[in-house]
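First the structure, in the form of C-alpha cells, and then the observations on it.
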Amino acid sequence: MAFNSSLSKLQWKALTGGTYADVAAIGSISFSMSRPTLDITPINTATSQFLAGISNATASLDIFYDNDDATHRAWLDHINAANDASFWLFVLETGESIEGQAFITSMEISAAANSVGRATLQLQFTKAPGSTAAAWTVTNSG
Amino acid sequence: MPGVNIEQDIRTMLVAYGGLTSAIPAARISHGYRLQDGALPALTYEISSLSQESIGGGATVRLATVELNIVAETTKAALDIVPALKVACGAGTYGVTDFDAVIWRQHVTSPASVGEGDEQQPAEVTATIDIYYRE
C-alpha cells in the first residue's frame, strides 16, 4: 500500500542521551540501500557467478535551513566537531519506520534569489564499532 | 488555538505597515475584489497557489503565492505605492501565523487607459509575492 509522504516525518537524536524528536522543515528525504556484488566468474565458463557483497546505505535530506532551529544547528556542529554517528528515524505515515545510525558526511547550505535558504545533507549509515546490530533496520507495524 | 486563516493573515501583514495604510486606507485593502465605483487607490489580493513544502514532523512549511493589485487613477500614483508595499510584505508573525520569508518576485504595470466615451480604466500594478509560512 502506498504511503502519504507529506504525513511522514523524520526524527533524530544524538548518539548519547536524549530521545527522538521531530525535525521540522524537511523538504524531502531519500534513502539508498545497496549491496554491490563480487564477481567470482572463473574463466572457461559461460555464466557469470557472483557472491553477495557488503551492504551500504546512504541518505540525502533537503531541508529549509533555519539557523534558529536547534537541530539544524546541531547538525552543523556535528560536522564541525567530527562527532560520532547519531540516530535517525524515518516514520512513514502508515507507521512503518526505517531507523539507523549515520554520520553526516556533508551539509551544503545554499541561497538563491527569489527563493529561501536551503541545505542538503548527505548521510552515511554505519554499524556502531563492536556492535552486532545492523547499520539500519526496517520496522513493519502493518 | 484558532486555525490558520492565511487570507486573513495576509491582510494583517499588509495593514500592519503604516507607510502603506497612509497611502491606501486599510478599508480599501481587501481580499478578492473591490467595488467598481470604490475610492482609489485601492489594493486587492488573492492567493494564486498554495502548497505544502515540507513533510510532517514539526510545523509544516507551506508556500502561498499571492497576487497583489494596486489600483490607482494614474500609472504614477500606482507605482508610487510600490515601495511601501514592498516594505509591508515582510517576514513576521501575523495573527497566529509565522511568515518565515516573504519574497517579492515581480511586479507588472498596466497603465491607465481611456475607453469608449469618457470611460477611464484605472492603472494597475500587479505584484507577485511568495510567502513561506509555518502551520
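Only the coordinates and a few stated rules stand behind these numbers; no lab work does. Keep in mind that what you see is a predicted model, and the values were worked out from it rather than measured. In this analysis, Cβ positions are derived from the backbone assuming ideal geometry, glycine residues included, and neighbour counts consider all displayed protein chains.
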- [ ] Starting from the Cα of A:Thr139, move 7 Å in the Cα-to-Cβ direction to define the label point; list residues of region A:73-100 whose amide nitrogen is under 17 Å from there.
- [x] A:87-100
- [ ] Could I have the simple spin-label model distance between B:Gln121 and B:Ala91, label points 7 Å from Cα toward Cβ, reported in nm to one decimal?
- [x] 3.9
TODO: Scan around B:Ala91 for amide H atoms under 5 Å from its own, H built in the peptide plane at 1.01 Å from N, and keep only partners 5 or more places away or cross-chain.
DONE: B:Val102
Task: Neighbour net charge for A:His72 - beta-carbon separation under 15 angstrom, K R +1, D E -1 - done: -4
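Per-residue ellipticity at 222 nm for chain A, helices alone: DSSP H runs ≥ 4 residues times -39500 (n - 2.57), over residue total, nearest 500 deg cm²/dmol?
Theoretical 222 nm ellipticity from helices: -2500 deg cm²/dmol.
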Task: Cβ-placed point charges (K, R +1; D, E -1), dipole of the protein assembly as shown about Cα centre in debye, nearest 20 - done: 740
TODO: Could you give log10 I(q)/I(0) at q = 0.07, 0.09 Å⁻¹ for the protein assembly as shown, computed by the Debye formula over C-alpha point scatterers of equal weight, without solvent?
DONE: -0.42, -0.60
- [ ] Could you pull out every residue, at least 5 positions away or on a different chain, whose amide H is within less than 5 Å of the one on A:Ser28? Hs are placed 1.01 Å off N in the peptide plane, and Pro or chain starts have none.
- [x] A:Asp62
- [ ] Report the local net charge at A:Ser60: Lys and Arg +1, Asp and Glu -1, summed over other residues whose C-beta lies under 15 Å from its C-beta.
- [x] -1
TODO: Taking the Cα centre of chain A as origin, sum charge times position over the Cβ atoms of Lys and Arg (+1) and Asp and Glu (-1), and report the length of that vector in debye to the nearest 20.
DONE: 280
- [ ] Restricting things to alpha carbons, tell me how big region B:50-135 is in terms of Rg and Dmax, in Å.
- [x] 16.8, 60
TODO: Lys and Arg at +1, Asp and Glu at -1: add these up for the other residues within a Cβ distance under 13 Å of A:Leu89 and post the number.
DONE: -1
Task: Highest-fluctuation residue, A:Phe90, A:Phe125, A:Phe50 considered, GNM on chain A with Cα pairs under 10 Å - done: A:Phe50
Open item on the list: Report the Cα centroid-to-centroid distance between region B:74-135 and region A:87-118 in angstrom, as an integer.
Closed with: 35
Open item on the list: Helix A:70-80 against the longest principal axis of chain A: what's the angle in degrees, Cα atoms only, rounded to the nearest 10?
Closed with: 50
Open item on the list: For B:Asp98, what residues show an amide H to amide H distance below 5 Å, using hydrogens built from the backbone and excluding near sequence neighbours?
Closed with: B:Arg134
Task: Alpha-carbon spread of region A:5-139, three principal axes, descending order, Å - done: 63, 39, 35
TODO: State, to one decimal in nm, how far the label point of A:Asn67 lies from the label point of A:Thr120, with both points 7 Å from Cα in the Cβ direction.
DONE: 2.3
Task: Sum of -39500 (n - 2.57) over DSSP H runs of 4+, divided by residues of chain B (222 nm, nearest 500) - done: -6000 deg cm²/dmol
TODO: Using the charge dipole of the protein assembly as shown (Lys, Arg: +1 at Cβ; Asp, Glu: -1 at Cβ; taken about the Cα centre), state which of B:Tyr133, A:Asn44, B:Asn5 has its Cα farthest towards the positive end.
DONE: A:Asn44
Open item on the list: Give me a comma-separated list of calculated 3J(HN,Hα) values for region A:40-49, in order, Karplus coefficients 6.51, -1.76, 1.60 applied at θ = phi - 60°, integers in Hz, x for any Gly or Pro.
Closed with: 10, 5, x, 5, 6, 9, 9, 10, 5, 10
